[in-house]
Amino acid sequence: MTHQDCLDYGSGDCAGAVAYRMALTGSGMAFQRCDHHWDLRLQREEELRQVYPDSPIAPAWFDPMAAGERWDDDY
């Protein structure tokens, strides 16, 4: 595979090997990304997990009255 096969090729900063990488969403799909863009994707996922933790307990900033939503549908 070449850098042109990278999902994020248009950004112009591909680097490293291009390989199929499993989606982090659990969809079971795989996408072609170069090493550089895969590292960026992993960093972004970590940032998202800091803001939106995978926990039944809502973070302190969550306000259910703001949009009438619940953090965890089981409660």
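Search the range 35-75 for residues being outside any loop (DSSP other than H, G, I, E, B) and aliphatic (A, V, I, L, M), and hand back the single one that is surrounded by the most Cβ atoms within 10 Å (Cβ to Cβ). Even if it seems obvious, please write down each step before you answer.
Kept after step one, since they are outside any loop (DSSP other than H, G, I, E, B), are these residues of the range 35-75: 35-51, 64-67.
From what is left, the residues that are aliphatic (A, V, I, L, M) are 40, 42, 48, 51, 65-67.
Working: L40: 15, L42: 12, L48: 12, V51: 8, M65: 6, A66: 8, A67: 6.
The extreme case among them is L40.
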Item to check | Contacts under 6 angstrom Cβ, first residue in the range 36-60 being under 15 Å from L24 (Cβ atoms), partner among the basic types (K, R), 6 or more apart | outcome: W38/R21
Item to check | Number of the exception - M22 against (1) surrounded by 15 or more Cβ atoms within 10 Å (Cβ to Cβ); (2) aliphatic (A, V, I, L, M); (3) within 13 Å of the chain's Cα centre (by Cα) | outcome: (1)
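Please indicate, with yes or no, whether at least one residue in the range 14-23 is part of a loop (DSSP other than H, G, I, E, B), on the phi < 0 side of the Ramachandran plot, hydroxyl-bearing (S, T, Y) and free of Cβ contacts under 8 Å to residues at least 24 places away in the same chain.
So in the range 14-23, the residues part of a loop (DSSP other than H, G, I, E, B) come out as 14-17, 23.
Checking the rest, the ones that are also on the phi < 0 side of the Ramachandran plot come to 14-15, 17, 23.
If we keep only those that are hydroxyl-bearing (S, T, Y) as well, we get none.
No, that holds for no residue.
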Item to check | Subset of the range 1-58 (residues that are of a type in the set (V, I, T) and farther than 30 Å from D72 by Cβ) | outcome: T2, V18
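None of the figures in this text is laboratory data; all of them are computed from the coordinates on show. Only a predicted model underlies this, so the values are computations on that prediction, with no experimental measurement involved. Backbone-built Cβ (ideal geometry, glycine too); neighbour counts: all protein chains shown.
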